[in-house]
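The values are calculated or read from the model by the stated rules, or taken from the named source; none is laboratory data. This is a predicted model, so every value here is computed, not measured. A quick note on method: Cβ atoms are made from the backbone with ideal geometry, for glycine too, and the neighbour counts reach across all protein chains shown. All accessible areas refer to the heavy atoms of the entire protein, side chains included, with ligands and DNA or RNA removed. Shrake-Rupley method; radii C 1.70, N 1.55, O 1.52, S 1.80 Å.
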Amino acid sequence: MISFTFKPKKFASVVAYFAERRPGITKKELCKLIFFADKEHLVRYGRPITGDHYYALEQGPIPTRGLDALNEKGDPAAISEILRYGKLNGWTFLPNGQSPDIKTLSKSDLKVLAEVFEEIGHLPAWQLEELSHKEPAWAQASRNGPMDFELFFEGRAEAADMKAILLEEQVQVA
């Protein structure tokens, strides 16, 4: 099974990136946009941006460690990274004016974030949820269970080689 290491600084920078571009962004919208950005980056470049693990909740995929940090639960270091940029007020993320730390994001991270925002960043939460429900990784996961990164590649024939490389690397590490 493919797995990655969660990067709290990157996650917080991605939150700030989307919040700066979409005032009034909700927690649900953030979770879905981050999911789509992580998926796209994984399929193209062999790693997600944030390294978070996703679970298939009723309303769609959620980044588990990142959502905990947004909710100010779990790892104090991850919470601290989020609080550098703002905090939740109910469901809405209120940025504090601090721009994302672009140094934590690679050129490919920024490229994918811009493309995802351009393509779906304007959609309301319910439409992002509907889109996420069409994802094989969400559809094939047990409700409230972990999503399999291997399924992020489903329907993307051009990514078969990347998937094979990742699977081979994971076996060698194990």
Loop-only trypsin sites (Lys or Arg not before Pro) in segment 1-108, please: DSSP not H, G, I, E or B, and at most 14 other Cβ atoms within 10 Å. Lys73
Normalized C-alpha radius of gyration of segment 1-80, against 2.2 N^0.38 Å? 1.02
How big is the C-alpha Rg of the chain next to the rule-of-thumb value 2.2 N^0.38 Å, as a ratio? 0.97
Cα extents of segment 63-117 per principal axis, largest first, Å, are 30, 21, 19
Compute the length gained on full extension between Lys9 and Ser142: take 0.36 nm times their separation in residues and subtract their Cα-Cα distance, giving the result in nm to one decimal. 45.0 nm
How big is the C-alpha Rg of segment 111-174 next to the rule-of-thumb value 2.2 N^0.38 Å, as a ratio? 1.35
Which of the residue pairs Lys10/Lys134; Lys103/Lys134; Lys10/Lys73; Lys73/Lys163; Lys32/Lys111; Lys9/Lys73 have a Cα-Cα distance greater than 23 Å in the structure shown? Lys10/Lys134; Lys103/Lys134; Lys73/Lys163
Quick check for you: with a 1.4 Å probe and neighbouring chains kept, what is the accessible area per residue of segment 57-174, in Å²? 58
GluC sites (Glu not before Pro) within segment 1-77: which are DSSP loop residues with at most 15 other Cβ atoms inside 10 Å? Glu58, Glu72
